[in-house]
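Structure, as structure tokens:
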Amino acid sequence: MTCACALLVILPLALIFYHVLKSGIGAVNWDFFTKLPKPVGESGGGMANAIVGTFELLGLAAVIGVPTGVLGGMFLSEYGSSRLNRWIRFAADVLNGVPSIIWGMVVYALIVVPMKGFSTLAGGIVLGMMMVPLIMRTTEEVLLLVPNGYREAAVALGIAQWRSILQIVVRTALKGIITGVLLALARVAGETAPLLFTAFGNRFWNHKLTDPIAALPLQIFNYAISPYEDWHRQAWAGALVLLLLVAIVNVTVRVLTRDRFKNS
Amino acid sequence: MPAHHSWGDGAFKWLTLVMALSVFVLIALIGYELAHGSQLAFRKFGWRFLSSTAWDPVSEQFGALPFIFGTLVSSAIALVIAVPLSIATAVYLTEIAPRWIRQTLTIFIELLSAVPSVILGLWGIFVMVPWLRVHLFPSLQNVFGFVPLFRGPIYGVSILAGGMIIAIMILPIITSVSREILRSVPGLQREAAFALGATRWEVTRIAVLSYARKGLFGAVILGLGRALGETMAVTMVIGNRPEIAASLFAPGYTLASVVANEFTEATTDIYLNALFEIGLVLLGVTLVVNALAQLLLRTFAGPTVKSA
């Protein structure tokens, strides 16, 4: 009976993959990747700006989120008193539980209102902020797995602590840190809610960081709730692209780390 | 230590400290911006905001009760559906499944947790809701129509659909956390139960499940925390009607959905403030629930259990 429950749990995944593949594959074509959206009501066009936009936002988010998260994770694992660290971990876990739409509201008030407009910058900042607690925790976990012997050997050789951390401990744990970063990127790549009122979406190319920008999940959402058949078709295509992107990153990362940690 | 080393050490330590302290800065920012942004509404409506059912941007009357109701009911439905399935799956994965099934199933469940909410919502609008409207809901109404929960017109988009899609979203997290909890139950407990002559199911029930009760409860609360904040998939299937209705087939509206839908359309200051206040309510509820979950999980198994 529990086996039946387990299969039932996978059923939605199978159904989603099946439908996204079925409806999306017919709609994905060369136009989809290279053309801008057509005016409302006309068929054709594509999501080129949304796909590029997602990568732009991810790049911006990485610039903000990766250094902060990785360095913060280093602090948690290498330095700090256990009391301070407990509070920092608690705060990071609290942040991980904040609904993504609240992040959007906060960055709206913080960045969009003073700048008097939606922008790529705001979108990148909100995604970057969301990545910080994620990356901090995964980095800390991976660094803690490096045996203390490495650090002790470095001290015995007279190497400064900061160098031993950067060049020995981090280099050992680099694969784990990178997988943590990739997973965080895949996670925020699919986020729509925070972008609703920061990046806002754009039917054309954005030319400056202060312009609104299109993003794949945003475009999927807008097309899905629209009344046009052609847009529904394109929404499925966008969903296929996004799903493949996220799935490939996740599966690759987990397959790569599975043989290292040998869990389950 | 030679003097030139301590310069690099000190600088690096401070750098990483500042980065780590950013989490506190972020929390303070969130709290401040939400509180500041909802000031007008708080001053105008006070605590009535939480008990009023009005949502009328034209006459500038705002009340959060329909959304609180929608969020609570959809999350409750999601828990009712997801918790038994998740815990049963976790039991299957830890106690019964052979290794190769365990590994493949785990990959699939993790894959489900990686599916973006908007894709789930897309599938919900075009596949799940029509199926509900044509097949499941009419059947439910035929069989259970005497109960007020299942009366009323069927649109497909409904609070029940919202609950179902949230259930799909929280299945992976409850399953994986429950799995870790069950894995951390000492083998001695099972062996003792076997030694006393218990059957396979009795061992699972007595030695494992009741031992892990607190941790499993923590996993469920963690799932609840995730369910409360779920925005996109719910917005697409719940019908977005700010009314409290007795029927599960009626459209509803959640705290997160109203913000997602109406934020960029808020024309007046008081409207925007009301939405910020809704965000504050959502944040408060989510923080309390997540803190409770963390407390349960940590006091059960110690800091080795990852809370995803």
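Computed from the coordinates by the stated procedures, all read-outs in this text should not be read as laboratory data. Everything numeric in this text was worked out from a predicted model, so none of it was measured. Cβ atoms come from the backbone with ideal geometry, glycine included; neighbour counts cover every protein chain shown.
Overview of values
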item: Where the Cα pairs of segment B:163-244 fall when distances are cut into 10 Å bins, in %; result: 17, 34, 23, 16, 8, 2
item: Peptides A:49-57, B:155-163 ordered by average Cβ neighbours within 10 Å, highest first; result: B:155-163, A:49-57
item: Dimensionless Rg ratio for the protein assembly as shown, taking C-alpha atoms and the 2.2 N^0.38 Å reference; result: 0.99
item: Cα-based helix-to-principal-axis angle, A:229-261 vs chain A, degrees rounded to 10; result: 20 degrees
item: ³J(HN,Hα), Karplus 6.51/-1.76/1.60, whole Hz, each residue of segment A:18-30, x for Gly, Pro; result: 4, 5, 5, 5, 4, 7, x, 5, x, 8, 7, 8, 4
item: Among B:Ile101, B:Trp201, B:Tyr271 - extreme Cα towards positive end, dipole of segment B:38-301, charges at beta-carbon; result: B:Trp201
item: Between helix A:120-144 and chain A: long-axis angle, C-alpha atoms, 0 to 90°, nearest 10; result: 40 degrees
item: Peptides ranked, highest mean first, by Cβ atoms within 10 Å: ranges A:107-120, B:125-138, B:42-55, A:229-242; result: A:229-242, A:107-120, B:125-138, B:42-55
item: Dipole moment magnitude, nearest 20 debye, segment B:9-115 about Cα centre, only Lys, Arg, Asp, Glu C-beta charged; result: 120 debye
item: Rg to Rh, two decimals, where chain B supplies the alpha carbon set and Rh follows Kirkwood; result: 1.06
item: Neighbourhood charge, 12 Å Cβ-Cβ cut-off, centred on A:Phe204 and excluding it, Lys, Arg +1 and Asp, Glu -1; result: +2
item: Simple Cβ-charge dipole of segment A:48-215, Lys/Arg +1 and Asp/Glu -1, about Cα centre, in debye nearest 20; result: 120 debye
item: Span-like helix ranges in chain B, DSSP H, alpha carbon extent 24 angstrom or more, Kyte mean at least -1.0; result: B:3-37, B:65-91, B:159-183, B:213-229, B:269-301
item: Charge context of A:Ser119, other residues only, Cβ under 9 angstrom, K/R +1, D/E -1; result: 0
item: Peptide-level mean, for A:11-21, of C-beta atoms on other protein chains within 10 Å; result: 6
item: Projected-area mean, segment A:48-215, by convex hull of Cα positions, square nanometres; result: 10.5 nm²
item: Charge context of B:Met232, other residues only, Cβ under 15 angstrom, K/R +1, D/E -1; result: -1
item: Average Cα contact separation per residue, chain A, under 8 Å, 6 or more apart, as relative contact order %; result: 28 percent
item: Segment B:6-71, Cα convex hull volume normalised per residue, Å³; result: 115 Å³
item: Size of charge dipole - the protein assembly as shown - debye, nearest 20, with Cβ of Lys, Arg +1 and Asp, Glu -1, no other charges; result: 1340 debye
item: Segment A:1-84: C-alpha pair distances exceeding 21 Å, %; result: 65 percent
item: Under 19 Å, Cα to Cα: Lys pairs in the protein assembly as shown, sequence gap 8 or more or different chains; result: 4
item: Segment B:38-301, relative contact order in percent, only Cα pairs under 8 angstrom and at least six apart counted; result: 31 percent
item: Number of partner chain Cβ atoms within 10 Å, mean per residue of B:171-180; result: 1
item: Dipole of chain A [Lys/Arg +1, Asp/Glu -1 at C-beta], most positive-end residue of A:Asn49, A:Val70, A:Ile225; result: A:Val70
item: Angle in degrees between helix A:48-78 and the longest Cα principal axis of chain A, rounded to the nearest 10; result: 20 degrees
item: Computed [θ] at 222 nm, deg cm²/dmol, chain A (DSSP H ≥ 4; -39,500 (n - 2.57); rounded to nearest 500); result: -23000 deg cm²/dmol
item: Pairwise centroid distance, computed over Cα atoms, of segment B:242-276 with segment A:157-211, Å; result: 33 Å
item: Peptides ranked, highest mean first, by Cβ atoms within 10 Å: ranges B:88-95, A:18-25; result: B:88-95, A:18-25
item: Inter-chain shielding of B:223-231 (mean C-beta neighbours from other protein chains, 10 Å cut-off); result: 3
